[in-house]
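See below for the structure under consideration.
Nothing in this text is a laboratory measurement; each read-out follows from the coordinates by a stated rule. What you see is a predicted model, and the numbers here were worked out from it, not measured in a lab. Cβ atoms come from the backbone with ideal geometry, glycine included; neighbour counts cover every protein chain shown.
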Amino acid sequence: MKKSFLLLLMMLLGNLSVFAQRYVVNGKEGKIRVVQYELVDGKWEIAQPSKDIYVENGYEFEAVPPVSSKTIVMEYEGKYYHVIWPKKELKLIDDMGKDGSLGIKNRLRNSIIGDFYFTSVPALTGFSCTVLALILFIMGAFEKNTPYFLRMIFAICICAIALLEFGAAISLGSDAYWWCNPDDVGYLRAILFTLLFSITIAVQYYSIKMYKIVGKLNGTANTIVYIVCGLGMVIATFAFISVLKNFLFMVCCAIFAFWFFGRAGNTRHRTTDDRGNTIHVNDFGTKVD
């Protein structure tokens, strides 16, 4: 009887431990936006009427059951709120029963690697490698036989760029190129950094051709360079798409503005002036011949 009771108690505690997970708010902007939720028939739903608030970084809480990887609810000032992007905005600090509930990406994001990629060091390092690679390429283009150590430096620079981008993509996901995001650094800086980053992307796309011109390495090193250059081209494509997303809205607005004002400026309408004469004007009321 006692054994059965202990077994039942352990099973209950085991089930409870699945939900005994503590998190700390760790948003990129120093705070996160959460949506008010309420429990309806055992399921979390948006409260009616709902209220959105911001919670500052550092706030610790224990997830309110029922918990899943997509639905993590916190209790804050007596009310319940749903974390919109848990994998990006939370750090798991006490996981008693469900290991890795937010996945390896969240762990990398909140690790030393993630902290490193949220600094400007990787971007500056990558751009420095780009400039050095371009210098070596220009030297190699005018030299019939580039010294081997310069060919090795060029290969290291190309590989370093690809590996830096790969690490950023794995650890930060869509935030890998935060320094090209207007929301993080403003439009002027984002445009400048994007233009500089486009040089890096161009170098990656032509890396194999540039490598052949500068000069190949020997043996296994040559194969490794080809593989990493191919990887760099793939990563550069995803990087280009990620950075482009930051400016798509602005680009679409600019295209619409050019189309609208161009069409409006070229459209002719008939009207009469104060003297009763018929004249042609555009959509803005400006007289046209």
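Report ³J(HN,Hα) in whole Hz for each residue of region 167-177, in order, from the Karplus equation J = 6.51 cos²θ - 1.76 cosθ + 1.60 where θ = phi - 60°; Gly and Pro get x.
x, 5, 5, 5, 8, 10, x, 5, 8, 4, 10
What ranking, highest mean first, results for peptides 197-206, 152-161 when packing means the other Cβ atoms within 10 Å averaged over each residue?
Taking the mean over residues of other Cβ atoms within 10 Å, the ranking is 152-161, 197-206.
Quick check on my link table: of K105/K209; K51/K87; K216/K245; K43/K245, which ones sit more than 29 Å apart, alpha carbon to alpha carbon?
Result: K105/K209; K216/K245; K43/K245 exceed 29 Å.
Please work out the FRET efficiency for the pair K212 and L163, using the Cβ-Cβ distance as r and a Förster radius of 25 Å; give the result to the nearest 0.05.
0.75
Which ³J(HN,Hα) values in Hz, rounded to whole numbers, follow from the phi angles of region 201-210 under the Karplus curve 6.51 cos²θ - 1.76 cosθ + 1.60, where θ = phi - 60° and Gly and Pro get x?
4, 4, 4, 5, 5, 9, 4, 5, 5, 5
Taking amide H positions as placed 1.01 Å from N in the peptide plane, with prolines and chain starts having none, which residues 5 or more places from L90, or on another chain, fall under 5 Å of its amide H?
Those lying under 5 Å, H to H, from L90 are N26.
Tell me, what is the FRET efficiency for A202 and I84 to the nearest 0.05, using R0 = 30 angstrom and their Cβ-Cβ distance as r?
E between A202 and I84, to the nearest 0.05, is 0.25.
How many nm separate the modelled label positions at I138 and I227, each set 7 Å beyond the Cα in the direction of the Cβ?
It works out to 3.3 nm between the two label points.
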